[in-house]
Amino acid sequence: MNAQFQTATTIKSGKAKLICFAGLVIAFSVGWSLALVFSSGQKLKSSPSAQAKIAENFPTVPIYPQSVLEKSTCNDTQSMLFRSQWQTANRVPEVMSWYLKALQKDGWTVEVVPADPNADKLQYAELTRGIFNSWLGKLQLSVIQNPDHKTVTIETSFPAPDSEKEAEE
Amino acid sequence: MNRKYILITLLSLVVFFSIYIPSAAAQTTFRFGVWADTKSGTGTLNTISRSMASQNVLFLFYPGDVCSSGPTTDCLAVWRSAYDAGGDLFTISFASRGNHDASGTSVWTSYFNVAAAVTKIGATNLNSLSTNLTYSFDFGNSHFVAVDMPGGDATTISAAQLTWLDSDLTAAENRQVTHSFLFWHGPEYPMGGHCCTNASTITAVLTKHPSVSATFHGHEHNLAYAHIDSTKISNVTHPYEEFTSGGAGAELYACQRGDWCQSANGYFTVDVNNASFTVKAFSTTGSNLKSWTFTKSNDNQPNLKNLLSNYLGTNDSQYFPVDGKINLLDAAYLIQQM
């Protein structure tokens with residue numbers, strides 16, 4: 001009786017070990033694949049279908065790896081067409097550096113560089129693409145350390161083309 | 001005997017220089033000028049420059065719209081020729097971009113040299129978010145901030161600029177400045193030409209800072225004034241003054257609202273006198289159109305509540321004013337700074 005119980009326990013224990021081992025292998029594989037995707041700098045493009053909360057027709061811009069969308073608005077003022085805010089746990093200089101590289105790869109030109117690329121509280125850059133003052137041809141990029149000192153807010157905003165023309169006409 | 005004379009001469013020189021050449025930090029009485037929006041109106045700017053030069057301003061602010069289609073080297077040369085018609089005003093000037101300056105960022109950042117102007121006028125504490133675009137400094141008892149605004153309207157201010165402005169004003173207030181004077185292209189309370197969307201995101205920051213005395217703008221081609229309080233922009237709990245000085249040559253816009261507005265070319269001067277400041281509006285040829293004198297109350301003098309509510313130092317990384325808790329060690333540190 002006792003021996004049978006021991007055998008059954010040993011079998012159950014062996015099965016459990018096997019399940020645990022298989023689970024670990026699967027978890028490791030998935031984790032490794034994700035790590036490879038993010039470490040290679042692959043961009044996750046924003047699109048209305050990929051991000052449930054992102055504003056409709058929001059322009060395609062690179063998304064910082066493992067960042068979380070906080071809010072996204074469309075035409076919230078007369079002069080700002082789109083804004084989106086993302087949160088990440090990385091540092092301000094690293095986030096800004098990543099964005100400047102990723103955006104330039106996408107054809108954006110850096111017009112305004114951060115005064116201090118090592119500033120860890122906040123950094124600001126402006127970029128243009130295509131014909132100057134064209135529709136969605138200007139991007140304002142703000143990277144700001146949050147008050148918790150642990151997370152960072154990334155804001156991408158697209159100002160409307162020159163609003164003065166209308167007033168002059 | 002000779003040594004005695006040399007010693008007396010040296011002592012006299014020290015006394016002379018210490019009395020007659022006070023540092024900018026000690027100055028509480030001084031004058032600066034504000035003008036903006038020339039575009040193709042360099043003829044008018046030429047006339048205004050002669051008038052401005054006669055005002056004996058120590059320095060000038062120009063919040064945007066130098067040329068019509070972006071700051072090209074040729075256009076800047078024409079503009080500067082008119083700007084300096086009355087004397088060397090350019091090298092004591094602090095410019096920031098408007099929407100008509102947006103296309104030539106690299107030309108702008110190499111043409112204007114804020115650090116050189118800061119040195120020339122003897123200002124201190126230069127702080128930049130983006131070099132020669134968004135920056136601040138102290139002069140006398142006052143803090144000066146210029147914010148780059150290539151989108152034109154004040155609603156185009158970026159999240160980084162707002163955060164920077166907030167922390168920059170906090171730092172200035174911890175240095176116990178009496179006034180903060182702020183400059184960017186589009187007014188947060190437009191009064192004519194780009195009326196009437198208020199930039200309440202900006203006033204949400206300004207209202208936290210009792211040192212803010214006045215903001216100055218262009219964008220709207222007229223001379224205008226408004227006392228900004230909650231009746232004008234609902235989230236304002238700390239009232240301040242707003243001036244639009246968009247009359248440096250560009251075609252004029254009609255006035256739509258405000259406490260005073262003239263669809264006229266011209267400029268403003270500001271006389272700072274300790275806690276008071278007097279703003280004067282002048283026509284192109286220097287006729288005084290209107291004057292206002294304001295005196296700051298004592299609410300921005302250093303006090304424990306003000307310091308604690310704005311404190312974001314590194315003394316204790318766990319301390320944040322937003323959680324409503326006060327760390328006694330931080331309080332002691334701040335009291336020590338008072």
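Has the range B:55-65 got any residue that is open to solvent by 50 Å² or more (accessible area, probe 1.4 Å), over 22 Å from the mean Cα position of the chain (by Cα) and modelled with pLDDT of 95 or more? Checked the range B:55-65: no residue is open to solvent by 50 Å² or more (accessible area, probe 1.4 Å), over 22 Å from the mean Cα position of the chain (by Cα) and modelled with pLDDT of 95 or more. Just one of the listed residues (B:Ala36, B:Ala82, B:Ala116, B:Ala77) is of a type in the set (A, V, I, L, M) and assigned to a loop (DSSP other than H, G, I, E, B), namely B:Ala36.
Just so you know, in the range B:160-196 the residues that are in contact with a Pro (Cβ under 7 Å, 6 or more places away or on another chain) and open to solvent by 30 Å² or more (accessible area, probe 1.4 Å) include one that is farthest from B:His100 (Cα to Cα), and it is B:Gln176. Scanning the range B:197-220 for residues that are open to solvent by less than 30 Å² (accessible area, probe 1.4 Å) and either on the phi > 0 side of the Ramachandran plot or of a type outside the set (A, V, I, L, M, F, W, C) (or both) yields B:Thr203, B:Thr207, B:His209, B:Pro210, B:Ser211, B:Ser213, B:Thr215, B:His217, B:Gly218, B:His219, B:Glu220. Of all residues in the range B:249-276, those being under 16 Å from B:Cys196 (Cα atoms) and buried (at least 22 other Cβ atoms within 10 Å of the Cβ) number 2. Count of the range B:152-180 residues, restricted to those that are more than 16 Å from B:Gly64 (Cα to Cα) and not in a helix (DSSP H, G or I), is 7.
B:Ala123: in contact with a strand residue (DSSP E or B) (Cβ under 9 Å, 6 or more places away or on another chain) and within 14 Å of chain A (Cβ to nearest Cβ), yes or no? The answer is no for B:Ala123. Restricting B:Gly122, B:Gly98 to residues that are over 18 Å from B:Asp148 (Cβ atoms) and open to solvent by less than 60 Å² (accessible area, probe 1.4 Å) narrows the list to B:Gly122. Tell me, yes or no, whether the range B:235-247 has at least one residue that is surrounded by fewer than 19 Cβ atoms within 10 Å (Cβ to Cβ) and part of a strand (DSSP E or B). No, because not a single residue in the range B:235-247 is surrounded by fewer than 19 Cβ atoms within 10 Å (Cβ to Cβ) and part of a strand (DSSP E or B). For the range B:49-74, which residues satisfy the criterion of being under 20 Å from B:Asn222 (Cα atoms) and assigned to a helix (DSSP H, G or I)? Matches in the range B:49-74: B:Ser49, B:Arg50, B:Ser51, B:Met52. Scan the range B:44-54 for residues that are open to solvent by 10 Å² or more (accessible area, probe 1.4 Å) and under 24 Å from B:Ala102 (Cβ atoms) and the total you get is 1.
Which residues, counting only those in the range A:68-101, are open to solvent by 20 Å² or more (accessible area, probe 1.4 Å), touching a helix residue (DSSP H, G or I) at 6+ places or on another chain (Cβ under 9 Å) and under 15 Å from A:Thr153 (Cβ atoms)? Once the filter is applied, which keeps residues that are open to solvent by 20 Å² or more (accessible area, probe 1.4 Å), touching a helix residue (DSSP H, G or I) at 6+ places or on another chain (Cβ under 9 Å) and under 15 Å from A:Thr153 (Cβ atoms), the range A:68-101 yields A:Arg83, A:Gln85, A:Asn90. Would you say B:Ala204 is part of a loop (DSSP other than H, G, I, E, B) and modelled with pLDDT of 95 or more? So B:Ala204 fails the test. Restrict the check to the range A:84-100 and report whether at least one residue is within 13 Å of chain B (Cβ to nearest Cβ), among the small types (Gly, Ala, Ser) and part of a strand (DSSP E or B). Among the residues of the range A:84-100, at least one is within 13 Å of chain B (Cβ to nearest Cβ), among the small types (Gly, Ala, Ser) and part of a strand (DSSP E or B), which makes the answer yes. Are any of the residues in the range B:182-194 away from chain A (no Cβ under 11 Å) and out of contact with any Asp or Glu (no Cβ under 8 Å at 6 or more places or on another chain)? Checked the range B:182-194: at least one residue is away from chain A (no Cβ under 11 Å) and out of contact with any Asp or Glu (no Cβ under 8 Å at 6 or more places or on another chain). Contact annotation: residue pairs with Cβ atoms under 6 Å, 6 or more positions apart or on different chains, pairing a residue in the range B:71-88 that is over 14 Å from B:Gly41 (Cα atoms) with a partner that is outside any helix (DSSP H, G or I), are B:Pro71/B:Gly104. Is it true that B:Ile202 is of a type outside the set (D, E, K, R) and away from chain A (no Cβ under 14 Å)? Spelling it out, it is not the case that B:Ile202 is of a type outside the set (D, E, K, R) and away from chain A (no Cβ under 14 Å). Looking at (1) of a type in the set (A, V, I, L, M); (2) away from chain B (no Cβ under 12 Å); (3) under 16 Å from B:Thr105 (Cβ atoms), can you tell me which one A:Val112 breaks? Only one criterion is unmet by A:Val112, namely (2).
The set of residues in the range B:131-158 that are within 7 Å of chain A (Cβ to nearest Cβ), surrounded by 24 or more Cβ atoms within 10 Å (Cβ to Cβ) and more than 23 Å from B:Ser200 (Cβ to Cβ) contains only B:Leu133.
The values are calculated or read from the model by the stated rules, or taken from the named source; none is laboratory data. These numbers come from a predicted model, not from an experiment. When we count neighbours, we look across all protein chains shown, and the Cβ atoms used for this are built from the backbone with ideal geometry, even at glycine. In case anyone asks, the SASA skips ligands and DNA or RNA and just uses the protein heavy atoms, side chains included. Shrake-Rupley method; radii C 1.70, N 1.55, O 1.52, S 1.80 Å.
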